[in-house]
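The structure under discussion is supplied below as structure tokens; questions concerning it will follow.
The values are calculated or read from the model by the stated rules, or taken from the named source; none is laboratory data. Nothing here was measured: the structure is a model prediction, and the numbers come from that model. No Cβ is skipped: glycine too gets one built from the backbone with ideal geometry, and neighbour counts run over all protein chains shown. Protein only, heavy atoms only, side chains kept; ligands, DNA and RNA dropped before computing areas. Shrake-Rupley method; radii C 1.70, N 1.55, O 1.52, S 1.80 Å.
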Amino acid sequence: KIVILDFGSQYTQLIARRVRELNVYCEIHPFNKIPELDASVRGVILSGSPFSVRDENAPKPDLTAIKGRLPLLGVCYGAQYLAHFYGGEVQSAPSREYGRAMLTVVEPSDPLMQGVPSPTQVWMSHGDTITDIPDNFVLVASTKEVKRAGFRIDGEKTWGVQFHPEFKSRPNKAHPLFKLSLIHIS
């Protein structure tokens, strides 16, 4: 089972659909109502959000029972939250990014990036961008406009991606990286 923590993203249902298309059971839960994480939970996905992590009333989940214990994937806001909350920096992007971008794999040996063509087309949808990551975060992917488009936390099965792997070049199909994401978080 994969648990998806929802921060109010317009794409949370699509993330769940893509997980189910891979024949994996998943449940969506509000970020502030994390279910009991028993042995059936194999990984957690943090969704995107219309909020900025810099907002005073932004969603702030307690990840102490998850991070470093279960495989974790932060998507868009989820990645920004991981970077911001654990010592990085998130700022307003010079312009809202929406649409296709070309992703370059920076760390091809990273389990999440293995087998991903470089460059590969991804889908962006955000107004903020990660401008700095903590020292124990390893950069794994970037784009021309988003230097920190993907990272992992060293020593953990924790990743963050600024893009939306639930989309491929067309919004009706998942990017191959989504399947790799699910394999590595479960």
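Which is in contact with an Asp or Glu (Cβ under 8 Å, 6 or more places away or on another chain) and open to solvent by 60 Å² or more (accessible area, probe 1.4 Å), of 30, 35?
After ruling out the rest, the residue left standing is 30.
Considering only segment 116-128, how many residues are open to solvent by less than 20 Å² (accessible area, probe 1.4 Å) and under 17 Å from residue 92 (Cα atoms)?
4
Going by the conditions given, is residue 138 in a strand (DSSP E or B), without any contact (Cβ under 8 Å) to a residue 40 or more places away in the chain and among the β-branched types (Val, Ile, Thr)?
Yes: the conditions hold for residue 138.
Still on this structure, I have one more. Would segment 55-74 turn up any residue that is open to solvent by 60 Å² or more (accessible area, probe 1.4 Å) and in contact with an Asp or Glu (Cβ under 6 Å, 6 or more places away or on another chain)?
Within segment 55-74, not a single residue is open to solvent by 60 Å² or more (accessible area, probe 1.4 Å) and in contact with an Asp or Glu (Cβ under 6 Å, 6 or more places away or on another chain).
Determine, yes or no, whether residue 8 is over 16 Å from residue 160 (Cβ atoms), surrounded by 14 or more Cβ atoms within 10 Å (Cβ to Cβ) and small (Gly, Ala, Ser).
Yes: the conditions hold for residue 8.
Out of the residues in segment 79-115 that are in contact with a Pro (Cβ under 7 Å, 6 or more places away or on another chain) and either hydroxyl-bearing (Ser, Thr, Tyr) or open to solvent by less than 70 Å² (accessible area, probe 1.4 Å) (or both), state the one that is modelled with the lowest pLDDT.
That would be 103.
If residue 24 satisfies every condition in (1) in contact with a helix residue (DSSP H, G or I) (Cβ under 7 Å, 6 or more places away or on another chain); (2) closer than 23 Å to residue 137 by Cα but one, which is the exception?
Result: residue 24 passes all but (2).
Just checking, how many residues over segment 16-40 are aliphatic (A, V, I, L, M) and over 17 Å from the mean Cα position of the chain (by Cα)?
Final tally of qualifying residues: 5.
Assess whether residue 2 counts as being in contact (Cβ under 8 Å) with a residue 12 or more places away in the chain, farther than 22 Å from residue 84 by Cα and open to solvent by less than 10 Å² (accessible area, probe 1.4 Å).
yes
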